[in-house]
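**Q** My questions all concern the structure below.
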């Protein structure tokens, strides 16, 4: 049996998953990269934010690959979803998101 999920329900489900698993990330800065804020869970960097251009690099293994395999999302869908999530959850002005291995 196939279950059809509308685009809005898919986004809501995905954002709920992100909030549950990565909603309380610890931000930290380093002198080596003064224009970046890194958001981590334990020692794992989940995403980084470039304060100058609003670019966000999202951890492929932790987030991006999950949406590809579990939800069957394409690159642009994940890019849009992660942009919305970072803006809403972490109150950052995001230009775009990218995957990083």
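**Q** Does residue 80 satisfy the criteria of being loosely packed, with under 13 Cβ neighbours inside 10 Å and free of Cβ contacts under 8 Å to residues at least 24 places away in the same chain? Spell out how you get there, then give the answer.
**A** Details: loosely packed, with under 13 Cβ neighbours inside 10 Å: no; free of Cβ contacts under 8 Å to residues at least 24 places away in the same chain: yes.
No; evaluated as a whole, the condition is false for this residue.
**Q** Follow-up question, since we're still on this one. Which one of these is under 14 Å from the mean Cα position of the chain (by Cα), modelled with pLDDT of 95 or more and closer than 24 Å to residue 11 by Cβ: 47, 38?
**A** Details: 38 fails: closer than 24 Å to residue 11 by Cβ.
Among 47, 38, only 47 is under 14 Å from the mean Cα position of the chain (by Cα), modelled with pLDDT of 95 or more and closer than 24 Å to residue 11 by Cβ.
**Q** Considering only the range 76-90, I want to know if a residue exists there that is over 11 Å from the mean Cα position of the chain (by Cα) and part of a loop (DSSP other than H, G, I, E, B).
**A** no
**Q** Within the range 1-27, can you find the residues that are at pLDDT 95 or above and loosely packed, with under 13 Cβ neighbours inside 10 Å?
**A** Answer for the range 1-27, where residues must be at pLDDT 95 or above and loosely packed, with under 13 Cβ neighbours inside 10 Å: 16, 20, 24, 26, 27.
**Q** Name, by its number, the condition in (1) assigned to a strand (DSSP E or B); (2) in contact (Cβ under 8 Å) with a residue 60 or more places away in the chain that does not hold for residue 10.
**A** The failed condition is (1).
**Q** Also, I was wondering about something else. Quickly run through the range 65-75 and pick out the residues that are part of a helix (DSSP H, G or I) and either in contact with a strand residue (DSSP E or B) (Cβ under 9 Å, 6 or more places away or on another chain) or surrounded by fewer than 17 Cβ atoms within 10 Å (Cβ to Cβ) (or both). Give the steps one after another, and end with the answer.
**A** First pass over the range 65-75, keeping only residues part of a helix (DSSP H, G or I): 65-69, 75.
65, 68, 69, 75 - these are the residues of the range 65-75 that are part of a helix (DSSP H, G or I) and either in contact with a strand residue (DSSP E or B) (Cβ under 9 Å, 6 or more places away or on another chain) or surrounded by fewer than 17 Cβ atoms within 10 Å (Cβ to Cβ) (or both).
**Q** Oh, and also: I'm trying to understand the selection: among the residues of the range 28-64, which are surrounded by 14 or more Cβ atoms within 10 Å (Cβ to Cβ) and closer than 14 Å to residue 94 by Cβ? Lay out the reasoning, then the answer.
**A** Filtering the range 28-64 for residues surrounded by 14 or more Cβ atoms within 10 Å (Cβ to Cβ) gives 36-41, 45-50, 54-60, 62-64.
Within the range 28-64, 36, 37, 39, 47, 48, 49, 50, 54, 55, 56, 57, 58 meet the criteria.
The values are calculated or read from the model by the stated rules, or taken from the named source; none is laboratory data. As the structure is a prediction and not an experimental result, all values here were calculated from the model. Here Cβ is always computed from backbone atoms with ideal geometry, including for glycine, and neighbour counts include all displayed protein chains.
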